[in-house]
Structures are given as C-alpha cells and as structure tokens.
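For reference, the structure discussed in these notes is given below.
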Amino acid sequence: MMFKFVVRKLRWLARIPVLPQLFDAGLMVATMLFDRPRLRAMEMFENAIRRKYTIHTRPHRFGGVGFFIGTTEIGHLHGNGLLDLFVGKSFRAEEIRRGRALPHHVFPDSGWISFWLKSPADIAQALELFEIASTYRTTGQLISRAH
C-alpha cells in the first residue's frame, strides 16, 4: 500500500510545506474514484460529529481534515479513511488489546490510535472512539466503560 510506504519510509517529506496536504488530496481523489463505500463512511462520520459536537474543522498539518474543540485537536481524518484520535496511553493500550483500534500509524507508542473507516458499518465504532477522545482531550480524564 502506497500510504504505508510513504508514511514509514518517506516520513521526512512531511516537513516540506504543503506536500502532506497534496499527498492527502491524492488519497481523497483515489477514494472518490475507487472506493465509494469508504467515501460515504467518511461523509457520514463527519456529519455525525458535526451534529453532536461544537466542532471546528480545518486542514490538518499532515493532511486530511482536523477536528478541533476550541484549539484542542481531538483527531483527524485522512483522505483514505484513516481516522487518528488522541485517547491517552492507557486507553490506547486497552483498545488495541481488544482489537477495536490500531496503534497510530506513525507514533505507535503515543496516546494516539488509528481506526480505518472502510464502510458505513464502521461509523458506530468510530463515533464511540471519537466520544472517548473528545472527553479525554477536553477534561483530561479517561472514561472507564464496561463491555
């Protein structure tokens, strides 16, 4: 997969102004042309969080769209459907162990997680993870949940 190769082997390219945004725009075009279910899931996710939260969106510094409450970044969505959220290290470890999220694709040992939006069936889980990230980022507390 080209995305994985670029992120892992050509990470230094992210330091070149505008290049991450151009790369992500290419990912979005490919998603639009070749993966309509993923595109629909991305649209549904963005619409759902806009309805529920007072969220601000803006281009993310590493491509995609960033989701902010005030000046605090909750996460960002790349043009290929990869959702990155900050949930803190303990929640990250729990969700990765349970198979509900992946380690962040660039910073696997940080408090960030990654989650693939592949189809509308993934929306509920993405929204649940976003809720946890939003609460954690705005209150500094981890939500404990029983499943």
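Among Ala126, Ala121, which is the only one that is open to solvent by less than 50 Å² (accessible area, probe 1.4 Å), modelled with pLDDT of 95 or more, among the small types (Gly, Ala, Ser) and not in a strand (DSSP E or B)?
Ala126
Across segment 129-147, which residue is surrounded by the most Cβ atoms within 10 Å (Cβ to Cβ) among those that are aliphatic (A, V, I, L, M) and at pLDDT below 90?
Out of the qualifying residues, it is Leu142.
Among the residues of segment 96-112 satisfying the criterion of being in contact with a Lys or Arg (Cβ under 9 Å, 6 or more places away or on another chain) and either among the aliphatic types (A, V, I, L, M) or in a strand (DSSP E or B) (or both), which is least open to solvent (accessible area, probe 1.4 Å)?
The extreme case among them is Ala101.
Yes or no, residue by residue, for (1) open to solvent by less than 40 Å² (accessible area, probe 1.4 Å); (2) in contact with a His (Cβ under 6 Å, 6 or more places away or on another chain); (3) within 20 Å of Val87 (Cβ to Cβ); (4) not in a strand (DSSP E or B):
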position	(1), (2), (3), (4)
Leu22	no, no, no, yes
Leu39	yes, no, no, yes
Arg50	no, no, no, yes
Arg61	no, no, yes, yes
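Counting just the residues of segment 66-95 that are open to solvent by 30 Å² or more (accessible area, probe 1.4 Å) and either polar (S, T, N, Q) or in a strand (DSSP E or B) (or both), which one comes out modelled with the highest pLDDT?
Result: Phe86.
Could you tell me whether any residue of segment 135-146 is free of Cβ contacts under 8 Å to residues at least 40 places away in the same chain and assigned to a helix (DSSP H, G or I)?
yes
The values are calculated or read from the model by the stated rules, or taken from the named source; none is laboratory data. What you see is a predicted model, and the numbers here were worked out from it, not measured in a lab. No Cβ is skipped: glycine too gets one built from the backbone with ideal geometry, and neighbour counts run over all protein chains shown. Just the protein is used for accessible areas: all its heavy atoms, side chains included, with ligands, DNA and RNA removed. Shrake-Rupley method; radii C 1.70, N 1.55, O 1.52, S 1.80 Å.
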